[in-house]
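Trainee: Take a look at the following structure, please.
The values are calculated or read from the model by the stated rules, or taken from the named source; none is laboratory data. Worth saying up front: this structure is predicted, and the values here are computed from it rather than measured. For neighbour counting, all protein chains shown are included, and Cβ atoms are generated from backbone atoms with ideal geometry for every residue, glycine included. Surface areas here come from the heavy atoms of the whole protein model, side chains and all, with no ligands, DNA or RNA. Shrake-Rupley method; radii C 1.70, N 1.55, O 1.52, S 1.80 Å.
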Amino acid sequence: MSTSKKIPIYIQIIIAVILGILSGILFPSHSSIGNFLGNIFLKLLKMLIAPLIFSSIVVGVLSASKSGNFSKLGVRTLIYYVSTSMLAILTGQILVNIIKPGCIHASILHMEKVSNFSTSIEIRFTDTILKMIPENIFRSFTKGDVLPIIFFSILVGFFIGKLKERDVKFLSSMFEGLYNLMMKITEFVIKLAPYGIFGLIYAIVAKSGIKIFKNLFYYFLTVFSGIFVHFFITLPLIFFIFTRKNPYKFIKNMLSPLLTAFSTSSSSATLPLTIKTMVEEIGVSKEVASFVLPLGSTINMDGTALYECVAVIFIAQVYGIHLSFSQQVIIALTSLLVSIGAAGIPMAGLVMMTIILKAVDLPLQGIGLIIAVDRFLDMFRTATNVFSDSVGTFVIDFLGKKN
Ligand code: ASP
């Protein structure tokens, strides 16, 4: 234990990832140990989500509205979220139209037994708005429905500011205390991250093996390249343009949450770590981090947006269906909406894809074609989602401090 204290946590996590991959390949039959360790970690993180979102958004909105920054913060956050997601979609769309992985893999329609993935969901944009408003906030808490909790927390934070001085003092110190408490528990959970991440990676590699990549190699490569460009070029460029600081050093400092996102495939579960690292290690103000990050973990998903767009066009290519320019535009726009509506949980993006397929009349069974590699792509897209939230938070905080 004394040595583990000397090794920085992100190095411990990198070692855990490597050991997890090796164990998954060498001892797949013992993966239940990995599953057990991984689930303990995941459940501890999930346990924190609802109280953390509630307390952090209330604290963030309250202090932003006190300083008169609330609307500026809100507008900047939304502009950042929409524009980076659109950039991600554009990157994916260009790559999938150039590489054409679906034409290379067209034969998988005959080779593979396409599993009937028929979970079709009818969600319109208006439904997403309606779902944001909780009918019963306690039910939202018990079910862990993030959007209604966010909506309620914004209202609570905003209206506390309108109360009498005495009530403001009491309620703000109560929420501040709750937030600090959640951060303290997060500190303890982080210590378990290397074990949990080892377990999660071990279980995933043991379950899926490496063989599944064979038939979907070019599809995987297309999504991966898009995510690579967005993660290592587009977002760092945005970071640099606004802050003139080294984006790669920022990536290094964010490795713990990024690798946690990678192994849990859940932006929401990673949230406690993301907030903690951004505030305590990167030095972003609590006011900005506690508003921008929880919101981002559920509505800003650049990796998911990019993946949706590539996957749907890939499916059309495999089926030999030509997409007109206007259909490509519809795919881009619905990918954005779907990424906003998808929850920050594993494989949410895959389920939501039916909305885009329906919007452009593509066969829903197409999802069966890509399901095999989805769990792996989810890891990369979730890390990108969390990274985009973090870059946004840093840039918005930086701009706020400048003027
Ligand atoms: N797993 C992703 C996240 O939590 C969502 C998805 O694309 O499935 O950010």
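Trainee: Pull out all pairs, ordered by first then second residue, where Cβ-Cβ is under 9 Å, the residues are six or more apart or on different chains, the first lies in the range 248-271 and is within 16 Å of the ligand (Cβ to nearest atom), and the second is β-branched (Val, Ile, Thr) and not in a helix (DSSP H, G or I).
Mentor: Listed pairs, sorted by first residue: Ser265/Ile345; Ser266/Ile345; Ser267/Ile345; Ser268/Ile345; Ala269/Ile345.
Trainee: For the subset of the range 161-179 comprising residues that are open to solvent by 70 Å² or more (accessible area, probe 1.4 Å) and part of a helix (DSSP H, G or I), which member is nearest to Leu42 (Cα to Cα)?
Mentor: Applying the filter and picking the extreme gives Met174.
Let's see how each residue does on (1) polar (S, T, N, Q); (2) open to solvent by less than 10 Å² (accessible area, probe 1.4 Å); (3) over 10 Å from the mean Cα position of the chain (by Cα):
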| position | (1), (2), (3) |
| --- | --- |
| Met254 | no, yes, yes |
| Ser265 | yes, yes, no |
| Leu273 | no, yes, yes |
| Glu281 | no, no, yes |
| Ala289 | no, yes, yes |
| Pro294 | no, yes, yes |
| Ile299 | no, no, no |
| Gly303 | no, yes, no |
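Trainee: Looking only at residues that are touching a residue at least 60 places away in the same chain (Cβ under 8 Å) and open to solvent by 80 Å² or more (accessible area, probe 1.4 Å) in the range 16-28, which one is nearest to Ile197 (Cα to Cα)?
Mentor: Ranking the candidates gives Leu19 first.
Trainee: While we're looking at this one, here's another question. With respect to Tyr218, is the statement that it is aromatic (Phe, Trp, Tyr), open to solvent by 40 Å² or more (accessible area, probe 1.4 Å) and in contact with a helix residue (DSSP H, G or I) (Cβ under 8 Å, 6 or more places away or on another chain) true? Write out each step before concluding.
Mentor: Values: aromatic (Phe, Trp, Tyr): yes; open to solvent by 40 Å² or more (accessible area, probe 1.4 Å): yes; in contact with a helix residue (DSSP H, G or I) (Cβ under 8 Å, 6 or more places away or on another chain): yes.
It is true that Tyr218 is aromatic (Phe, Trp, Tyr), open to solvent by 40 Å² or more (accessible area, probe 1.4 Å) and in contact with a helix residue (DSSP H, G or I) (Cβ under 8 Å, 6 or more places away or on another chain).
Trainee: Please count how many residues of the range 314-349 are surrounded by fewer than 20 Cβ atoms within 10 Å (Cβ to Cβ), of a type outside the set (A, V, I, L, M, F, W, C) and out of contact with any Asp or Glu (no Cβ under 9 Å at 6 or more places or on another chain).
Mentor: 6
Trainee: In addition: Only one of Val391, Val373 is buried (at least 24 other Cβ atoms within 10 Å of the Cβ) and away from the ligand (no atom under 12 Å from the Cβ). Can you tell me which?
Mentor: Val391
Trainee: Then there is this: Look through the range 226-252, keep the residues that are hydroxyl-bearing (Ser, Thr, Tyr) and open to solvent by less than 30 Å² (accessible area, probe 1.4 Å), and return whichever of them is farthest from Asp374 (Cα to Cα).
Mentor: For the range 226-252, the residue satisfying everything is Thr243.
Trainee: Restricting attention to the range 344-370, which residues are within 13 Å of the ligand (Cβ to nearest atom), of a type outside the set (Val, Ile, Thr) and either at pLDDT below 85 or assigned to a helix (DSSP H, G or I) (or both)?
Mentor: Result: Ala348, Gly349, Leu350, Met352, Met353.
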